[in-house]
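The structure appears right after this line, and notes come after that.
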Amino acid sequence: MDIQYIYKQIVESNIRYLLFDSRQLMSPYNSVFFAIQSEKNDGHQYIPSLYQSGVRYFIVEKEIVSSHYPDAHFFQVERSIDALQELARIHRYMFDYPVIGITGSNGKTIVKEWLYQLLREDLKIVRSPQSYNSQIGVPMSVWQMTEDHQLGIFEAGISRVGEMQHIAPIIGCDLGVFTSLGTAHDAGFEDIEEKAREKSYLFYQAKKIIYRKDIKEFDTIVKGLKAKGITWSFSSDSDLSIQRIKEREDGEHGALIQARYKGKGIGISIPFSDEVSCYNAIICWLVLLEMGKENSWIDERMKLLEIVAMRLELKKGINQTKIINDTYNLDLTSLKSSLQFMETQSMGKPKTLIVSDILQHGNQAEHLYHTLSEWLNHEFPINRIIGIGKGIQSLGALLNDDIEAHFYPGTTEFLNEIQQLNFKEEVILVKGARKFRFERIVSRLEQQAHRTVLEINFNALRNNLNAYRNLLDTKTRIMVMVKASAYGAGLVEVAQLMETENVDYLTVAYIDEGVLLREAGIRTPILVLNPEPAGFDGMVRHDLEPEIYSLKQLRQYYDFYHSNHDGVPKIHLKLDTGMKRLGFEEKDLSALVLYLREHPCQLVSIFSHLAGSDAAEHDDFTKQQIIRYQRMYQRISAALGIRPMQHILNSAGITRFPDYHFDMVRLGIGLYGIASTDEMKQKLQTISTLKATISQIKDLKPGESVGYNRGGKVFKPTRIATVSIGYADGLSRAAGYGKYAIGLRGKKAKTIGVICMDMCMIDITSIPDARVGDEVVIFGEYPNIEELAKCMDTIPYEVLTSISDRVKRVYVLD
């Protein structure tokens, strides 16, 4: 079907949202759904439920029986993703204002957001939400363009050859920005030169390209392009020649950057001093100079640059509340993303929005708050709003009567009355402009705990789940292990995320864990591995499904069920094929089959557990287990005349024994970032980062000692730091006496002396710029959890599950 015709139909129907993920549906009557087919999923299966929800426009690859969907509009194309990109390209060229296109290995989002901060008072800007820079993210970003805007700023990211050729025509940038060239996504390219060349395709129609001249691979490519290269570097042959970077001279924190531009000496001051921030600021500086801005104007704006919130945080709050902390900046684009996240976290609980005036936005105030009211009344309905500032108060008259509204002139006035608002058992989104200092609100609302935190990255969890999903046939189900508080990551929070990701089963160790999930609103089927008779009633009442591993246990459960409930009980049979832990052995099968014939049950699955699937030296034993499992399964299945689900593979088994995925696989430690093969390690991301802070710094003389029993003696001048984590938090005493090194300012600092209950000491002699209050990383990207496990002579499982409950969990979404 002609794409121009489809575009005309969509625009005339006031379609505002391009939808490819049915879980993100917010405004059905203003959305068009793209049914994208892939090897692992088929978007067409979601059409019936989306139609029931109110969606009426669909881009499809298959012929649909339209009579099944009265008043729906189906546009059949060859590939839905191609149609998505072409529709966005057509939309882009409906507008003739300038567009800045940004790419590079790192810094794209920071540069984009800083350019927005610097220019938002003067221009109406449309930009990529968050880091929407992919084959799908770019079209969705460009679709936001309207005739009200005056400038577009879009970022583009690629991970393999050929991708930029699809993205570049959609952005159609006039001014190109190349931020950096590094190792991110190296696997998709033969070498660094190929990566630079592929990224350069973004600028095929740009008039100017801004980049660092001493990135030789890119500099060579630019010389072959039509666009004019505008460069910066520390050498004199660049358009912006950086002379010096030093501390600010006005007494404020940050850096003074001095340079020469068109023969003149100029400078700017920024409120950051780290190298990466300085380089990103230099890129923005050169963009503004090329846009014709006076340097005195630029300098004043640069001093006001704010931290870019690359992620929002999910924290536990007072009175069983959840706090979504997104307080660094505020505009309609980022607010919409935060409201969408709040929808996924509410699980039926009341929703409260705490929001400030939306400052320095291109839209007129009346239009701005009208848009926000539409969202809150219809697309993202909330129960209560707390507005802080003078402008936000006009929102009150636009809200539905059933939304409880409170307005305050400032943050201090709100904090003075916060106790009267009775925050309890609700989800609270805190979203404010930087000047309102909403971090004070978050501090009052969150559960108080000491400064050691375990950060859990939701994006990494999604990545790891999808890394394993991509190994499976589309018909193979996936069961996710959330026992032991999701390996220390947080039972309810991880389960909620997995439910939004449509996993097929969740697994817990004990009944009370399953009950907690049901009480939190989880509806995904739940398997209980160790059901105890005392909890049978709660298990049945909360629709939990037991693992049955012995005839005695089966009799107990069957008798209980039929004494108290109608129907037949759901059960999962556990077979012992060599683990010698729990399960029926082959000698037990005759009695088991006889009992099940006389006492019918809904036998959901028959499964077993591998003892050494992660180790090649045990492969023969593993294969024997699988053969024994298949033999036992066939015997039960044939005797009962049924075929329950089969599953035997854990995380390591999924990757190492692909021929035995059967009906379902069980994903455990792999979800949490730990892999047994080098190939899988490249695909998984770190989900947990254990952080603490430096409480005090001391300088020791030779002969002095550190800690109990004078365990850490020094023989030369030594600087030490006391860190807010000890063995009561989960850092084992085995990590003391210099046997482990934690991360500080990108370096490693060894422990010194013993690990105490609530703190430990580290040697920071080689890190002279360390300061009290600095964040230290116990494990994460650097150092990683395997290093700590090796030091403790254990496995990552034990490290993760040993993190104390007093360590605050913070959930982040990049």
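The values are calculated or read from the model by the stated rules, or taken from the named source; none is laboratory data. Since we're looking at a predicted model, the values are computed, not measured. Don't worry about glycine lacking a Cβ; one is built from the backbone with ideal geometry, like all the others, and counts go over all protein chains shown. These area figures cover heavy atoms from the full protein model, side chains too; ligands, DNA and RNA do not enter into them. Shrake-Rupley method; radii C 1.70, N 1.55, O 1.52, S 1.80 Å.
Calculate, for Lys424 and Arg518, the FRET efficiency according to 1/(1 + (r/R0)^6) with r their C-beta to C-beta distance and R0 22 Å; round to the nearest 0.05.
0.60
Which whole-Hz ³J(HN,Hα) couplings does region 600-614 yield from phi under the Karplus relation 6.51 cos²θ - 1.76 cosθ + 1.60, θ = phi - 60°, glycine and proline marked x?
x, 10, 8, 7, 6, 8, 10, 9, 9, 10, 7, 8, x, 5, 8
Can you give me the long-range amide H partners of Arg719? Hydrogens built in the peptide plane at 1.01 Å from N, cutoff under 5 Å, separation of 5 or more residues or another chain.
Leu700, Ile764, Thr765
If I take every Cα pair under 8 Å that is 6 or more residues apart in region 262-341, average their sequence separation and divide by the length, what percent do I get for the relative contact order?
Computed value for region 262-341: 25 percent relative contact order.
Using modelled amide H (1.01 Å from N, peptide plane; none on Pro or chain starts), what sits under 5 Å from the amide H of Phe584, excluding residues fewer than 5 places away?
So Phe584 has HN proximity to Lys574, Leu575, Asp576.
Enter the angle in degrees (range 0 to 90, nearest 10) between the Cα long axis of helix 3-12 and the first principal axis of the Cα atoms of the chain, meaning the one along which they spread out most.
Approximately 90 degrees, to the nearest 10.
Please give the helix 491-500 orientation as an angle from the longest Cα principal axis of the chain, in degrees from 0 to 90, rounded to the nearest 10.
Its long axis makes an angle of about 80 degrees.
How far is the Cα center of region 291-322 from the Cα center of region 17-91, in Å?
A separation of 36 Å, based on Cα centres.
For Leu151, list long-range residues whose amide hydrogen, built 1.01 Å from N in the peptide plane, is under 5 Å from its own amide hydrogen.
So Leu151 has HN proximity to Lys124, Val126.
Carbon and sulfur together cover what percent of the accessible area of the chain at a 1.4 Å probe radius?
47 percent
Hey, which of these cross-link pairs are over 24 Å Cα-Cα: Lys336/Lys390; Lys483/Lys587; Lys40/Lys112; Lys8/Lys208; Lys112/Lys748; Lys8/Lys199?
Pairs exceeding the cut-off: Lys483/Lys587; Lys40/Lys112; Lys8/Lys208; Lys112/Lys748; Lys8/Lys199.
Compute the relative contact order of region 559-706 as a whole-number percentage, counting only Cα pairs closer than 8 Å that sit 6 or more residues apart in sequence.
18 percent
Sort out for me the Cα centre separation of region 731-790 from region 548-582, rounded to whole Å.
Each part's Cα centre sits 47 Å from the other's.
Distance between Cα centroids, region 625-654 to region 403-417: provide it in whole Å.
That distance is 60 Å.
Measuring with a 1.4 Å probe in the full set of protein chains, what accessible area per residue, in whole Å², belongs to the chain?
On a per-residue basis, 44 Å².
Shape of region 635-721 from its Cα gyration tensor (a ≥ b ≥ c, root eigenvalues): rounded if a/c is under 1.5, otherwise prolate when a/b > b/c, or oblate?
Prolate, since a/c reaches 1.5 and a/b exceeds b/c.
On C-alpha positions alone, give me the angle between the axis of helix 108-119 and the longest principal axis of the chain, in degrees, nearest 10.
It works out to around 40 degrees.
Which whole-number percent gives the relative contact order of the chain, counting Cα pairs below 8 Å spaced six or more residues apart?
Details: 1623 pairs, mean separation 66.4, N = 814.
Over the chain, the number comes to 8 percent.
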